[in-house]
Amino acid sequence: MNTLDHLVYMANQIARNFGTRDRDAAAEAVAGHILRYWDPRMKRRIIAYVADGAGSDLSDVAALAVSMVAEKAQPDHAATGA
Amino acid sequence: MTYQPQKDFGTPASNASDTVSLSIDGREISVPAGTSVMRAAAELDNNIPKLCATDNVKSFGSCRLCLIEIEGRKGTPASCTTPVEDGMVVKTQTPHLQKLRKGVMELYISDHPLDCLTCSANNDCELQDQAANVGLRDLRYGYEGANHLGEATDTSNPYFDFDPSKCIACSRCVRACDEVQGTFALTMDGRGFASKISAGLPTDDFLSSECVSCGACVEACPTATLQEKAVTEIGKPDRTEITTCAYCGVGCTFRAEMRGEQLVRMVPWKDGKANRGHSCVKGRFAWGYANHQDRITKPMIRESIDQPWREVSWDEALGHAASEIKRIQKKYGRLSVGGITSSRCTNEETFLVQKLVRAGFGNNNVDTCARVCHSPTGYGLNTTFGTSAGTQDFDSVEESDVILVIGANPTDAHPVFASRMKKRLRGIDGKPPAKLIVIDPRRIDLVKSPHIEASHHLPLQPGTNVAVLTAMAHVIVTEGLADEAFIRERCDWDEYAEWAAFVADDRHAPETLEPVTRVPSEELRAAARLFATGGNGAIYYGLGVTEHSQGSSTVMAIANLAMATGNIGRPGVGVNPLRGQNNVQGACDMGSFPHELSGYRHVSDATTRALFEDDWGVPIDSEPGLRIPNMLDAAVDGEFKALYVQGEDILQSDPNTKHVSAGLAAMECVIVHDLFLNETANYAHIFLPGSTFLEKNGTFTNAERRIQLVNKVMTPVNGMEDWEVTQALANAMGLGWRYSHPSEIMDEIARLTPTFAGVNFARLKEAGSLQWPVNEAAPDGSPIMHVDGFVRGKGQFVVTDYVPTDEKTGPRFPLLLTTGRILSHYNVGAQTRRTENTSWHPEDLLEMHPTDAENRGLKDGDWTRLSSRSGETTLRLTVTERVAPGVVYTTFHHPATQANVVTTDFSDWATNCPEYKVTAVQVAASNGPTDWQEEYEELSEQARRIETVEAAE
Ligand code: SF4
Ligand code: SF4
Ligand code: SF4
Ligand code: FES
């Protein structure tokens, strides 16, 4: 798996493990998890993947979660990785 | 002070709370009821002559040397088997007793070789001592009678010899093996004069017997019959130092017995609270690696990995490392470098490595080898209980009534704790034995061993832990066995209700899940009922729980089960992770994870960050850093370029070897800090030689959260303790650190970490050990956690849905491979492979069920090719019913096997802990090593070359 595939896989896997919750709650849990445990570059890549409109391999909940992450991620870090 | 063995009180301590007073030779003493007269006298330093008694095992009363007189009683009872009574008046020395004792000694000595001067036990022999104590001067029987002299010595065990001609048939060894170790390897054949000790069958020698070489019998033996080879070779030790074993998470403490700077033997410390005077083959005997010829003692560098290594000075190596890190950060950015801490190093060393990364590299790219073993424990227990650690001390097992072991193989991986658990399972001292439930794909030794049999063994399909635990919860909830009073008091009732409704659903019934788990539903129901209703229930788990794609979910499912049955917050119960490496707990506590600072505080928490920023005088990044697998991904992408690895061999221990090597190969500067040129060093540019636990000061924290001191017993052959190396690297980067002793690092840890607030070296020395949290609320530490309430407030029930792994069997890969470890080796085996422990495990073997073997036309001992979607390797086959049909099993101790070439990069959803325990594979006959093995062998040889330089001066 290349890095992007790996990130997509991970996001989907996290989403599946919150599968018993309803869509919004699950997405929120996934977003919380990503914010807490992913480094800025990983977040940036998955956000870009969705922003580019290529996010089709993400499950519905995972995609929603990534859009939540995009809103909450610290823009300076997420944007530059600096 | 000259050498003294640790005092032997003759019989075990009584833990009764009521006391009894008596008089011994005119002196008064009060001792706990149940104490023997012998022990009471020993407390007064009145050492009654004895041979068959020793305080590790119950008294036996066979030698008749310890006779005493008691006022108002006839005869001369043995003091080792006579319990104290109130008002007893005891005499230990009278002319009559003296005469009797001399007679006994005469008999022993007339059947004993009189080569004391050249005997390996000279001056450290109880027979000699007692002959002196009773004043033996001549032998009426002469030396000509029948005797056992001249029998052949059994030298088969690599660490100790058995010389039967010196045996006095006291049976201390047999009792030590039975009671302390629980292996029942020795027998006393015959009676009286014909008595003879043997290891199992008459044809067995020690090596081929059931003996696991724990050494308990050697320690118990009062003569030179069972004697360490090292003592025979080197001589009697002349000083001792207390220290802590550096192998596994049990954390046994030892007296390192030295002669000058040479280690003679390691003797388990009776006051050690983790091991209580016991040890396993690794800790007691496998320390020879410290002086192995492969040990690298000088720093080395090279431009690229196809060049040979060049020995350089410390200054040059450190200067080069510092300038490389700076160069790379300048070129590729602040986040392009990182570090890995080691669970084998001390808390202080680990703390410094993460400090170097956070304060020196200016990012949070620090991770630890716990990533690949127990990171799900941290996540799962923190979420449910509020602390990333086990809830009990080891003593707690003595009060358990039902013990559930899941995904752990304690007799191999945590042998000393296993011995303590087995003691409880045999029901010694009148208490009925605890019941045992084992959930494991393999029939591990614990399932059936001498005097122990599991009530239930659930041989589940690898990867279905969550399904099995949910089914057990289903039984408990639907049959009304949950402890609702506990739940109402200690947990959030609504959360419980939601969880209970989830597990009660029909789709979680054991019958419905049987096709998935392959566990017979009736057996599972019975096990669940037993756990819920059998009294104090304790859960012990290991890597078979964590190393799965649902590792974190399984840990939470275990926590749910413990809360639902009210098994938290008192002795005898609890959730107990059995940690792999010695300092996994400590490495996690010290802030080795990229998202948290010491004491499990997230880097996004501004208050915590401010604490560190004030102390260190640098800003701390608020964003989490990269975890090991993410570092490797980033390296392959060209974004991560330099790594400092302390005491860890990620190439061999991490999954999917090819991915790891690709990541390492893509980096511009890999700094390996270790004892040996390990597999990771094949890809390294800078090698910094490390020191062993015998050569350093510091602390380790074991699986019970017990912080224990590691004391330096010899000078580091590489010149520096590991914390000094990290400090020198930091200073080469201009950080200006000035620690002069690890105690100062611990003071900093205590200052910055609330759960360690009361810890310092002086207190550790005084108390022997402390279990964190140690703070104002618990000044003497916390043997049991969550006593009056959960650390997080209310215990949290978490719904854990079973999500099957994506690693699936199919026509090409029809078998499931699961991996584990064995007793004589440790982790990647870097140390144990460099000791005589290879006598037991010279290579990794593949276990397969007879049916599967027959279907493939394979038989025991065949070379086989093991292949998965990731890669393939070859190894030899063992055909055994320990594994179920469809499942194969191997270990990963030897680099030539490279079992991790086969494992995949699937991992735990929450922590990325790799899924070692489930890989779909195929096995076929083979005629030799795979291409990868051959190429790798060649690369290793190339990469390990060291340039020979002409000696300067
Ligand atoms: S070394 Fe341990 S297992 Fe072996 S015989 Fe002695 S006590 Fe038993
Ligand atoms: S081998 Fe040692 S401990 Fe065992 S019976 Fe003989 S003298 Fe006693
Ligand atoms: S390896 Fe583990 S069980 Fe064995 S002596 Fe060391 S700490 Fe104890
Ligand atoms: S020591 Fe008491 S009978 Fe042997």
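The values are calculated or read from the model by the stated rules, or taken from the named source; none is laboratory data. The structure displayed is predicted, hence computed values, not measured ones. All Cβ positions, glycine included, derive from the backbone under ideal geometry; neighbour counts span all protein chains shown. In case anyone asks, the SASA skips ligands and DNA or RNA and just uses the protein heavy atoms, side chains included. Shrake-Rupley method; radii C 1.70, N 1.55, O 1.52, S 1.80 Å.
Is one or more of the residues making up region B:350-358 at pLDDT 90 or above and within 14 Å of chain A (Cβ to nearest Cβ)? Yes, region B:350-358 contains a residue that is at pLDDT 90 or above and within 14 Å of chain A (Cβ to nearest Cβ). Just one of B:36, B:30, B:59 is touching a Ser or Thr at 6+ places or on another chain (Cβ under 9 Å), hydroxyl-bearing (Ser, Thr, Tyr) and surrounded by fewer than 18 Cβ atoms within 10 Å (Cβ to Cβ); which is it? From the options B:36, B:30, B:59, the qualifying one is B:30.
In the set (1) open to solvent by less than 60 Å² (accessible area, probe 1.4 Å); (2) assigned to a helix (DSSP H, G or I), residue B:80 fails one condition alone, (2). Put simply, of B:353, B:397 the only residue that is open to solvent by less than 10 Å² (accessible area, probe 1.4 Å) and more than 21 Å from the chain's Cα centre (by Cα) is B:353. Name the residue that is surrounded by the most Cβ atoms within 10 Å (Cβ to Cβ), counting only residues in region A:23-56 that are charged (D, E, K, R) and away from chain B (no Cβ under 14 Å). Ranking the qualifying residues of region A:23-56, first place goes to A:28. Evaluating residue B:389 against the criteria (1) of a type in the set (Gly, Ala, Ser); (2) away from ligand 3 (no atom under 16 Å from the Cβ); (3) crowded, with 24+ Cβ neighbours inside 10 Å; (4) under 22 Å from residue B:212 (Cβ atoms) leaves one unmet condition, (4).
On the stretch given as region B:356-370, residues that are open to solvent by 10 Å² or more (accessible area, probe 1.4 Å) and touching a Phe, Trp or Tyr at 6+ places or on another chain (Cβ under 9 Å) total 1. Only one of the numbered conditions (1) touching a residue at least 12 places away in the same chain (Cβ under 8 Å); (2) more than 14 Å from chain A (Cβ to nearest Cβ); (3) of a type outside the set (A, V, I, L, M) is not met by residue B:869, and that is (2). Of the residues making up region B:636-655, just one is within 10 Å of chain A (Cβ to nearest Cβ) and crowded, with 24+ Cβ neighbours inside 10 Å, namely B:640.
Yes/no matrix, rows are residues, columns are (1) among the acidic types (Asp, Glu); (2) modelled with pLDDT under 90; (3) open to solvent by less than 10 Å² (accessible area, probe 1.4 Å):
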| site | (1), (2), (3) |
| --- | --- |
| B:590 | no, no, yes |
| B:595 | no, no, no |
| B:603 | no, no, yes |
| B:610 | no, no, no |
| B:631 | no, no, yes |
| B:657 | no, yes, yes |
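Here's the yes/no breakdown for (1) under 25 Å from the mean Cα position of the chain (by Cα); (2) closer than 22 Å to residue B:397 by Cα; (3) in contact (Cβ under 8 Å) with a residue 12 or more places away in the chain:
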site	(1), (2), (3)
B:245	yes, yes, yes
B:260	no, no, yes
B:282	yes, no, yes
B:285	yes, no, yes
B:296	no, no, yes
B:309	no, no, yes
B:313	no, no, yes
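Test residue B:152 against the stated conditions and say whether it is open to solvent by 10 Å² or more (accessible area, probe 1.4 Å), at pLDDT below 85 and either within 16 Å of ligand 4 (Cβ to nearest atom) or in a loop (DSSP other than H, G, I, E, B) (or both). Considered against the rule, which asks whether it is open to solvent by 10 Å² or more (accessible area, probe 1.4 Å), at pLDDT below 85 and either within 16 Å of ligand 4 (Cβ to nearest atom) or in a loop (DSSP other than H, G, I, E, B) (or both), residue B:152 comes out as yes. Scanning region B:915-950 for residues that are at pLDDT 80 or above and not in a loop (DSSP other than H, G, I, E, B) turns up B:919, B:920, B:921, B:922, B:923, B:924, B:925, B:946.
Checked across region B:735-755, the condition of being in a loop (DSSP other than H, G, I, E, B), open to solvent by less than 20 Å² (accessible area, probe 1.4 Å) and within 30 Å of residue B:555 (Cα to Cα) holds for at least one residue. Return yes when residue B:336 is among the hydroxyl-bearing types (Ser, Thr, Tyr), buried (at least 20 other Cβ atoms within 10 Å of the Cβ), within 14 Å of chain A (Cβ to nearest Cβ) and more than 16 Å from ligand 4 (Cβ to nearest atom) and no when it is not. Yes. Taking the conditions (1) open to solvent by 10 Å² or more (accessible area, probe 1.4 Å); (2) on the phi > 0 side of the Ramachandran plot; (3) under 29 Å from the mean Cα position of the chain (by Cα) in turn, residue B:617 satisfies each one other than (3).
Restricting to region B:276-288, count the residues that are more than 10 Å from ligand 1 (Cβ to nearest atom) and open to solvent by less than 10 Å² (accessible area, probe 1.4 Å). Residues meeting the conditions: 4. In this structure, residue B:90 qualifies as modelled with pLDDT of 85 or more and part of a strand (DSSP E or B).
Being within 14 Å of chain A (Cβ to nearest Cβ) and over 30 Å from the mean Cα position of the chain (by Cα) is the requirement here; does residue B:362 meet it? Yes, satisfied.
Looking only at region B:873-913, residues that are within 14 Å of another protein chain (Cβ to nearest Cβ) and either surrounded by fewer than 20 Cβ atoms within 10 Å (Cβ to Cβ) or at pLDDT 80 or above (or both) come to 8 in all.
As a summary of the residue check, residue B:161 satisfies the conditions (1) over 25 Å from residue B:68 (Cβ atoms); (2) modelled with pLDDT of 85 or more; (3) open to solvent by 20 Å² or more (accessible area, probe 1.4 Å); (4) out of contact with any Ser or Thr (no Cβ under 7 Å at 6 or more places or on another chain) except for the one numbered (4).
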